[in-house]
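Please read the structure below before turning to the comments.
FYI, it's all coordinate maths here, none of it is from the lab. These figures come from a predicted structure and were not determined experimentally. Here Cβ is always computed from backbone atoms with ideal geometry, including for glycine, and neighbour counts include all displayed protein chains.
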Amino acid sequence: MKGTQTLLLPKFFDSIAKFFPSDPLHGHEEALARLNPQKFYVENVRNALGVSTKRAQRICNLAVRQGLFEQGIEVLCPDDVVAASARTEAELPLKVRCWDEGEQSETVLETAKLRKVVFYRLPDERLKPDSAAA
């Protein structure tokens, strides 16, 4: 019985690998190369790969865990202009300056009350031309 279990283990791992590939970007390099490596969003990945938003989010999360992507967060002014960005929400400033079109002036707003959006980027070492050869 123990020998049978040992033989089934590789089949089990092969089945899992089909659902959770070790490299979520494999086979999609050309489509992803069209993204801005400094900052892109789940929607950009969804569009480039032609997958659902949920699937694109899973791909991004897996790529972050594997070190293929870095994750950041940005806070948006009410007019959707990026006011600040950081690696984590805790690193965002407590207050940001936004332009108020109605008042035609700059206004200071609390970051906690503004919308935040997660973005991704390629790690610096993946941006270097010779990193592909390594």
P(r) weight above 22 Å for the range 23-125, C-alpha pairs, percent: 39
Per-residue Cβ neighbour rank within 10 angstrom, fewest leading, C77, C60: C77, C60
Taking T88, T111 and counting other C-beta atoms within 10 Å, the order from fewest to most: T88, T111
Per-residue Cβ neighbour rank within 10 angstrom, fewest leading, V96, V45, V81, V118: V81, V118, V96, V45
Under 13 Å, Cβ to Cβ, from R115 - net charge with Lys/Arg +1 and Asp/Glu -1: -3
Label point 7 Å beyond Cα of E103 along Cβ direction - residues of the range 65-84 with amide nitrogen under 13 Å: 78
